[in-house]
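Working notes, beginning with the structure itself.
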């Protein structure tokens with residue numbers, strides 16, 4: 001539990017978003033800063049949230065033919081260099097191991113920035129025939145990218161947790177369908193689990209995964225007007241398969257090159273979750289992910305304590321038997337107001353108050369975390385009623401985030417309009433774009449905004465006929481935004 005002197009958020013989400021976010025993460029018991037710059041220590045309550053995200057996704061992956069595996073943390077330099085685009089894309093971010101004890105290694109080992117270069121060679125060994133396809137692998141692990149200059153827990157750290165899926169298929173159509181299946185699942189986890197609506201699209205050519213044919217993305221908008229790349233799914237074409245000799249004998253006994261995909265979601269999703277839903281009272285979590293969904297706070301005087309505790313314990317037993325995650329806070333050294341504040345800080349979605357009136361009338365009082373809405377309900381049927389209220393809490397969180405997203409998508413027809421709109425409002429600005437990376441630079445240099453997405457449909461008509469920056473014919477609609 002939090003010490004009394006530490007209880008309460010002192011920073012403002014609206015006026016000091018960065019400081020507020022860091023305070024919520026630490027005071028809600030999610031993470032601490034590690035002694036090495038750019039790293040964090042994930043505390044049990046924070047890791048429990050990650051585990052629940054993992055449980056949802058892992059189940060969906062397995063339902064669609066994915067098997068979990070684990071590959072080494074270290075990748076020989078010669079393996080990494082076999083895919084030149086990976087080397088060029090990640091070279092400034094790679095951490096290298098050069099010694100084992102006192103002995104210099106014969107070959108440097110990269111601490112994995114991503115695992116295509118170690119997984120693809122083994123997929124090539126395991127695939128011989130079209131009967132071995134599709135091959136769908138996933139691993140839950142951490143990666144290291146030595147690029148984070150300013151740590152923001154879960155959003156940007158040198159080491160972060162994620163899952164990375166890698167698949168091989170006989171045809172382009174099958175591989176593309178795989179990439180879209182994973183993008184669907186990422187959209188589902190954001191919307192149905194994190195209560196966060198997202199936009200789907202593709203990364204522009206100059207910002208796709210190194211070596212990929214197409215990178216698709218889900219983007220989540222934060223309350224401060226910046227976007228978060230929520231997850232990506234890549235159709236890699238045959239480039240990785242060619243680099244690592246991932247071939248198969250087709251039904252006609254001809255040797256063909258496999259088509260591959262990779263896809264990943266990191267704990268950046270937790271950062272998006274915390275920043276979107278939380279408030280100046282502390283952490284706010286949807287019931288799907290909250291380690292504790294319901295906290296019961298008994299309110300007693302000495303003369304009726306035993307009776308009220310007995311009643312509260314019976315309610316706890318009923319809710320626990322219904323499969324809810326419940327905590328009964330019967331501490332004697334804290335008053336109810338302190339408990340309310342502490343559990344609000346920790347993000348518990350629903351509070352159940354049990355006092356003399358509730359016991360006498362065989363009722364309980366339910367209080368929603370997002371907005372303090374109260375309802376007194378019958379003790380009989382308390383489990384399904386509580387579940388209904390948890391569903392309502394989830395719906396409130398989603399509706400608030402959806403309203404924010406829908407109000408923060410604007411259009412612009414010129415560079416000046418892009419700069420002015422993002423500078424004033426933040427959010428996403430849709431503009432015609434010629435497809436040249438050079439037309440992103442004037443916006444990036446002026447206000448640190450970039451093209452975070454283009455439409456998922458390559459044949460979609462541009463929002464404007466001309467590129468907002470250079471005035472040439474528009475080939476795409478670009479979504480400009482500042483990003484985490």
Report task. Could you give the spread of the C-alpha atoms of the chain along their three principal axes, from largest to smallest, in whole angstroms? Result -> 83, 52, 51
Requested in this report: Place the peptides 219-226, 56-63, 377-384, 263-270 in order of packing, highest mean first, counting for every residue the other Cβ atoms within 10 Å and averaging per peptide.
Outcome: 263-270, 219-226, 56-63, 377-384
Query raised in the report: Using a simple spin-label model with points 7 Å from Cα along the Cα→Cβ vector, what separation in nm is obtained for residue 404 and residue 458?
Result: 3.5
Report task. Report the full-extension gain for the segment residue 375 to residue 12: residue separation times 0.36 nm, less the Cα-Cα distance, to one decimal in nm. Result -> 127.8 nm
Report summary line: If one compares the long axis through the Cα atoms of helix 382-406 with the longest principal axis of the Cα atoms of the chain, the angle in degrees, nearest 10, works out at 50
Report task. Compare the peptides 431-438, 250-257 by average per-residue count of other Cβ atoms within 10 angstrom and give them in order, highest first. Result -> 431-438, 250-257
Query raised in the report: Relative contact order, percent, of the stretch 4-277 when contacts are C-alpha pairs under 8 Å separated by at least 6 residues?
Result: 19
Report task. Once you have the Kirkwood Rh of the stretch 12-171 from its Cα pairs, apply Stokes-Einstein at 37 °C and 0.692 mPa s and quote D in µm²/s. Result -> 181
Query raised in the report: Mean 1/r over all different Cα pairs, inverted: what Kirkwood radius does the stretch 320-362 give, in Å?
Result: 12.0
Query raised in the report: Roughly how many Å is it from the Cα centre of the stretch 242-259 to that of the stretch 281-318, as a whole number?
Result: 60
**Report entry** Chain lengthening between residue 98 and residue 362 when straightened (0.36 nm per residue, less Cα-Cα)
**Finding:** 88.2 nm
Query raised in the report: Can you pull the percent of Cα pairs in the stretch 409-481 with separation above 16 Å?
Result: 36
Report summary line: Descending packing, highest mean Cβ count within 10 Å first, for 98-104, 175-181 is 175-181, 98-104
Report summary line: Between residue 444 and residue 73, the two model label points (7 Å from Cα along the beta-carbon direction) sit apart by a distance in nm of 3.3
Requested in this report: Quick one: angle between helix 172-188 and the longest Cα principal axis of the chain, in degrees between 0 and 90, rounded to 10, please.
Outcome: 20
Requested in this report: Treat each spin label as a single point 7 Å out from the Cα along the C-beta direction, and report the residue 192 to residue 425 distance in nm.
Outcome: 3.2
Report summary line: In whole angstrom, the spacing between the Cα centers of the stretch 351-423 and the stretch 137-152 equals 32
Query raised in the report: What angle, in degrees between 0 and 90 and rounded to the nearest 10, separates the Cα long axis of helix 415-425 from the longest principal axis of the Cα atoms of the chain?
Result: 20
Requested in this report: Report the antiparallel proportion of the DSSP beta bridges in the chain as a percent, rounded to a multiple of 5.
Outcome: 80
Report summary line: Cα-based Rg and Dmax for the stretch 4-277, in Å, come out at 19.8, 74
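The numbers here are math on the coordinates, done by the rules we state, and not lab data. Not measured: the values here are computed from a predicted model. Note that we place each Cβ from the backbone using ideal geometry, even for glycine, and neighbour counts take in every protein chain shown.
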